[in-house]
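To start, the structure under review is shown below, and the notes come after it.
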Amino acid sequence: MNNVFVYCEIEGTTVAEVSQELLTKGRKLANQLGVDLNAVVAGTGIKNKVEDQILPYGVDKLFVFDAEGLFPYTSAPHTDILVNLFKEENPQIALLGATVIGRDLGPRVSSSLTSGLTADCTQLEIGDFDDKKSGKHYDNLLYQIRPAFGGNIVATIVNPDHRPQMATVRSGVMQKALYEGNAKGEVVYPDVAKYVPETDFVVKVIDRQVEAAKNNLKAAPIVVAGGYGVGSKENFDMLFQLAKELHGEVGASRAAVDAGWVDHDRQVGQTGVTVHPKVYIACGISGQIQHIAGMQDAGIIISINNDPEAPINKIADYVIVGNVEDVVPKMIKYYKQN
Ligand code: FAD
């Protein structure tokens, strides 16, 4: 009872990376609270195929719902499963990915349970809360932290009175890691019919096309990112050349994407992807909070900017003050020779 729960998303029999990231975070939260970490997964033909992708992240109890009609995802049966399971298990925290599925499923479950939900969190922590209005003190609440008001402030949201405390978290924000401690690792296969009425298998997916990712930005060890200071689509070619020499990928600020110089799937930041490369080379990027939100955990940050006072320079490990069009060709030449 009152455990931490993670909903694991799947593609066929492959567990989504965001779910493994959430399991890693969920394990840490469960340890802080002194409770178990539980996970739930639902699909078709997944028995004995998904357990090894979930349990090593420190799961104490895994609920595997396996039945025809549970994959591809449709709203009604997955909502039934979570709502009925959470009524039985009464978790204090429930986490989902802020994916297409999580954004559909999370609000349905939270409204059925009247629990509330914080979408698109960038951080989750445990902390106490003093409600100044009621004078009540609450121990060990989930701090659900996310940018708010167009990214101008970072809001910490708590849910003192309703359970579970539900949050969705975007892919790539948390880092996944196998758990080195001991977890119970129990697996149960509930009878799906007890959770989902036959009438709720209403939608039949008859055709489905999954678009493959066009780039490897999320996993790239080196990201060469360009901003409005790059100046043109043609100048972006230099960044692609540099990224190629460094075996990295090209990222971009929203200003560069809005200018039409690169595709949106390369946008880094609050409304783009979150990256954790070993090296992030920011070329002509000023470093507004919405951009920083997507790359601040990079190992080494190098800024190339003609303004020594650019905000990104404050978080950069190395700053090259100069024009992108002068500096980047020299770097390409250097790496070609070495
Ligand atoms: P600018 O701020 O215009 O900076 C250009 C930089 O280039 C400057 O520092 C300048 O000194 C430098 N420069 C100019 N010429 C050269 C040159 N020749 N050589 C070297 N340096 C040069 N932004 C994101 O990036 N990602 C997001 O996900 C995102 N989400 C947002 C969500 C919301 C709700 C809002 C309101 C905004 C969001 N933004 C996002 C936009 C963000 O606020 C900034 O507008 C954007 O990041 C600025 O991009 P930039 O740094 O490329 O451009």
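The values are calculated or read from the model by the stated rules, or taken from the named source; none is laboratory data. These figures come from a predicted structure and were not determined experimentally. Cβ: placed from backbone, ideal geometry, glycine included. Neighbour counts: every protein chain shown. Side chains are part of the model used for accessible areas, which takes the heavy atoms of the whole protein and leaves out ligands, DNA and RNA. Shrake-Rupley method; radii C 1.70, N 1.55, O 1.52, S 1.80 Å.
Quick notes on this structure:
- Test: residue in the range 236-252 that is within 27 Å of Val169 (Cβ to Cβ) and in contact (Cβ under 8 Å) with a residue 40 or more places away in the chain: yes
A quick yes/no check of all residues on (1) open to solvent by 60 Å² or more (accessible area, probe 1.4 Å); (2) free of Cβ contacts under 8 Å to residues at least 12 places away in the same chain; (3) acidic (Asp, Glu):
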| position | (1), (2), (3) |
| --- | --- |
| Ala167 | no, no, no |
| Val173 | no, no, no |
| Lys184 | yes, no, no |
| Val188 | no, no, no |
| Tyr195 | no, no, no |
| Val203 | yes, no, no |
| Ala212 | yes, yes, no |
| Ala220 | no, no, no |
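- Selection status of Ala255, open to solvent by less than 20 Å² (accessible area, probe 1.4 Å), within 13 Å of the ligand (Cβ to nearest atom) and either in contact (Cβ under 8 Å) with a residue 12 or more places away in the chain or of a type outside the set (Asp, Glu) (or both): no
- Any hit, the range 19-41, residues being open to solvent by 10 Å² or more (accessible area, probe 1.4 Å), within 28 Å of Thr199 (Cβ to Cβ) and touching a residue at least 40 places away in the same chain (Cβ under 8 Å): no
- Residues within the range 129-161 that are assigned to a strand (DSSP E or B) and open to solvent by less than 70 Å² (accessible area, probe 1.4 Å), tallied: 12
- Output for the range 74-91, where each listed residue is in a loop (DSSP other than H, G, I, E, B) and surrounded by fewer than 20 Cβ atoms within 10 Å (Cβ to Cβ): Thr74, Asn90
- Flag for His276 being under 28 Å from Arg170 (Cβ atoms), more than 9 Å from the ligand (Cβ to nearest atom) and loosely packed, with under 14 Cβ neighbours inside 10 Å: no
- Residues in the range 292-317 that are in contact (Cβ under 8 Å) with a residue 40 or more places away in the chain, near the ligand (Cβ under 8 Å from one of its atoms) and either in a loop (DSSP other than H, G, I, E, B) or more than 17 Å from Val328 (Cβ to Cβ) (or both): Ala293, Asn306.
- Residue, nearest to Val158 (Cα to Cα), within the range 108-128, restricted to residues that are open to solvent by less than 70 Å² (accessible area, probe 1.4 Å) and part of a loop (DSSP other than H, G, I, E, B): Gly116
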